[in-house]
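Enquirer: The structure that follows is given in the form of structure tokens.
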Amino acid sequence: MCQNAKNEIKFGTDGWRAVISKEFTFKNVAILAQAISEWVRHDLPRKSGQRKRVAVGFDTRFLSDKYARTVACVLARNNIEVYLSDAPIPTPALSFILTRLKCVAGIMITASHNPGEFNGVKIKTAQGGAASREITDLVEDYLCESEVQMADFEEAKKKKDLIVYNFKEEYVQFLRNYLDLKALKKVRYKVLVDAMHGSGDSLALDVLKGTSIRASVMRSDINPSFEGQKPEPVEEYVSELKERVKKEKFDIGLILDGDADRIAAVTSDGEYVSPQKILGLIILHLARNKGKTGGIIKTICGTTMLDHIAEKLGLKLYETPVGFKYISDLMISEDILAGGEEAGGIGVRDYIPERDGTLAGLLLLEMMAYRKKSFKKLIKEMEKEFGRYFYERADLKTKKKSFDLQKIKSLKRIMGKKVVNVKTFDGVKLIREDESWIMFRPSGTEPLIRSYVEAKSAKKAKDLIAYGKLMLKKL
């Protein structure tokens with residue numbers, strides 16, 4: 001039976017994700033919690049003067065609170081002091097609080113943007129960042145190495161092996177301190193936050209209390225099915241937000257994913273704004289408006305606009321594989337201003353090495369307040385200075401475990417344009433002579449293979465993604 005668990009518990013780009021009651025069962029969660037306990041006990045250093053301490057959080061998915069309690073009880077029985085969230089929280093709140101509590105690690109029960117039938121487990125390091133492949137490989141090695149031990153929940157609380165804790169309060173206060181609330185008191189923007197039924201809930205509203213920003217939230221109720229959609233901040237799932245922003249005259253709409261570590265946005269006239277552009281704006285705001293310095297990180301499928309921003313600002317540019325854990329590692333080891341991924345995860349300096357959708361969205365509001373310009377105007381100015389790029393992505397569901405990308409690597413021309421550069425450190429990215437590019441990469445979190453493209457016109461991008469879709473079917 002345990003061999004089945006070893007086959008079923010496999011970490012991908014950002015944690016282990018599986019279908020609830022299929023692979024994601026209480027038994028498998030307990031087996032994984034025992035493996036994490038072994039990793040904590042044997043491989044993590046003890047903080048001076050205290051027992052090893054781990055924070056455990058959970059999102060709004062079906063049974064997430066019960067799975068979190070299972071993890072907490074296993075950790076407690078293994079002589080690990082556990083701080084368990086008293087309510088659903090964003091993943092960044094767990095990451096932030098674990099650093100304040102001096103935990104050696106954090107465990108988050110979430111499947112992020114996956115459909116409602118999924119749940120998952122993310123492991124966070126003592127710095128608050130995503131666990132590396134080395135760490136998750138080590139945890140997988142510990143699977144089934146020892147019998148699962150589980151404490152009684154109430155007994156563990158009485159013995160103070162397990163402490164139920166409010167993770168939100170200190171997190172909200174930190175965000176309030178991070179932002180320039182004085183600037184936000186001088187403007188009267190209207191903002192609508194779409195929580196997508198996730199754990200971001202109304203936290204942005206709590207942060208903005210006392211300012212002149214008129215903030216509202218939609219889809220803040222718990223709905224584990226996510227209306228049959230994915231709680232992902234992509235354009236196909238935010239039609240209601242776009243309509244409300246236009247109709248009710250909001251200045252900006254912000255979209256959070258299921259565990260609120262990712263962001264996208266909508267302008268006052270209902271135009272969807274991709275995370276790629278949001279990252280560019282945040283870099284410009286931090287560098288030009290707030291005088292902060294440091295390098296820029298993008299993933300291999302990040303926009304070329306960031307290359308031009310880095311060049312003009314004189315900032316070092318880093319390029320990583322897909323997955324925020326690679327960005328987290330650089331935020332710890334290098335002097336970084338900001339980093340982000342195409343899917344909407346954005347991290348900034350003077351914070352933990354973690355993406356935070358709520359903070360990223362609020363920084364856009366802060367930029368509007370500093371520059372006293374509309375969100376749309378800020379985007380237009382950035383595109384005029386650094387170039388306008390159009391981005392598309394296509395997904396193909398598949399049962400295949402591997403793909404032959406060799407033929408793609410050898411392409412010399414694509415749709416009449418010469419290929420001038422090929423990158424293969426994560427999937428295959430082909431860059432054409434006009435700066436447009438196309439990329440193919442299997443997902444690390446879902447049974448999908450993806451095609452990404454970028455070009456300098458909407459038509460060219462759509463033509464490229466049509467080509468990408470045809471190629472996906474041949475892989």
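The values are calculated or read from the model by the stated rules, or taken from the named source; none is laboratory data. All of these numbers come straight from a predicted model, not from anything done at the bench. Glycine gets a Cβ as well: all are built from the backbone with ideal geometry, and neighbour counts include every protein chain shown.
Enquirer: Please find, among 325, 399, 376, 380, the residue that is touching a strand residue (DSSP E or B) at 6+ places or on another chain (Cβ under 8 Å) and either within 29 Å of residue 267 (Cα to Cα) or surrounded by fewer than 18 Cβ atoms within 10 Å (Cβ to Cβ) (or both).
Expert: Step by step, each of 325, 399, 376, 380 is checked, and only 376 is touching a strand residue (DSSP E or B) at 6+ places or on another chain (Cβ under 8 Å) and either within 29 Å of residue 267 (Cα to Cα) or surrounded by fewer than 18 Cβ atoms within 10 Å (Cβ to Cβ) (or both).
Enquirer: A further question on this structure: Filter region 178-227 for residues that are of a type in the set (S, T, N, Q) and touching an Asp or Glu at 6+ places or on another chain (Cβ under 7 Å); which is farthest from residue 272 (Cα to Cα)?
Expert: So, considering only residues that are of a type in the set (S, T, N, Q) and touching an Asp or Glu at 6+ places or on another chain (Cβ under 7 Å), the one farthest from residue 272 (Cα to Cα) is 199.
Enquirer: Quick check: anything in region 239-250 of a type outside the set (D, E, K, R), in contact with a helix residue (DSSP H, G or I) (Cβ under 8 Å, 6 or more places away or on another chain), in a loop (DSSP other than H, G, I, E, B) and surrounded by 20 or more Cβ atoms within 10 Å (Cβ to Cβ)?
Expert: Checked against the condition, which is being of a type outside the set (D, E, K, R), in contact with a helix residue (DSSP H, G or I) (Cβ under 8 Å, 6 or more places away or on another chain), in a loop (DSSP other than H, G, I, E, B) and surrounded by 20 or more Cβ atoms within 10 Å (Cβ to Cβ), region 239-250 yields at least one hit.
Enquirer: What are the pairs with Cβ atoms under 7 angstrom where one residue, in region 1-28, is modelled with pLDDT under 85 and the other, located anywhere, is in a strand (DSSP E or B)? Sequence gap at least six, or different chains.
Expert: 14/122; 14/130
Enquirer: Name the residue that is nearest to residue 88 (Cα to Cα), counting only residues in region 220-238 that are in a loop (DSSP other than H, G, I, E, B) and of a type in the set (Ser, Thr, Tyr).
Expert: Checking each candidate, the answer is 220.
Enquirer: Within region 456-475, track down each residue that is closer than 12 Å to residue 393 by Cα and either in contact (Cβ under 8 Å) with a residue 60 or more places away in the chain or crowded, with 19+ Cβ neighbours inside 10 Å (or both).
Expert: Across region 456-475, the qualifying residues are 461, 462, 464, 465, 468, 469, 472.
Enquirer: Limited to region 137-184, what total is found for residues that are of a type in the set (D, E, K, R) and over 30 Å from the mean Cα position of the chain (by Cα)?
Expert: Residues in region 137-184 being of a type in the set (D, E, K, R) and over 30 Å from the mean Cα position of the chain (by Cα): 10 in total.
Enquirer: Can you name the residue in region 30-55 that is closer than 12 Å to residue 143 by Cβ and of a type outside the set (Gly, Ala, Ser) and, of all such residues, is surrounded by the fewest Cβ atoms within 10 Å (Cβ to Cβ)?
Expert: Per the stated criteria, the residue is 38.
Enquirer: Also, I was wondering about something else. Name the helices (runs of 4 or more DSSP H) wholly within region 362-475 that hold at least 2 residues that are in contact with a helix residue (DSSP H, G or I) (Cβ under 9 Å, 6 or more places away or on another chain) and not basic (Lys, Arg)?
Expert: Because the criterion is at least 2 residues that are in contact with a helix residue (DSSP H, G or I) (Cβ under 9 Å, 6 or more places away or on another chain) and not basic (Lys, Arg), the helices (runs of 4 or more DSSP H) in region 362-475 that meet it are 375-386.
Enquirer: Ok, one more. In region 305-352, what residues are of a type in the set (Val, Ile, Thr) and outside any loop (DSSP other than H, G, I, E, B)?
Expert: 309, 320, 327, 332, 336, 346, 348
Enquirer: For the condition touching an Asp or Glu at 6+ places or on another chain (Cβ under 7 Å), of a type in the set (Lys, Arg) and buried (at least 17 other Cβ atoms within 10 Å of the Cβ), what is the one hit in 393, 355?
Expert: Of 393, 355, the one residue that is touching an Asp or Glu at 6+ places or on another chain (Cβ under 7 Å), of a type in the set (Lys, Arg) and buried (at least 17 other Cβ atoms within 10 Å of the Cβ) is 355.
Enquirer: Moving on to the next point. In region 110-207, which helices (runs of 4 or more DSSP H) lie fully inside it and hold 1 or more residues that are outside the structural domain of residue 18 (by TED's automatic domain parsing) and of a type in the set (A, V, I, L, M, F, W, C)?
Expert: Because the criterion is at least 1 residues that are outside the structural domain of residue 18 (by TED's automatic domain parsing) and of a type in the set (A, V, I, L, M, F, W, C), the helices (runs of 4 or more DSSP H) in region 110-207 that meet it are 168-178, 181-184, 203-207.
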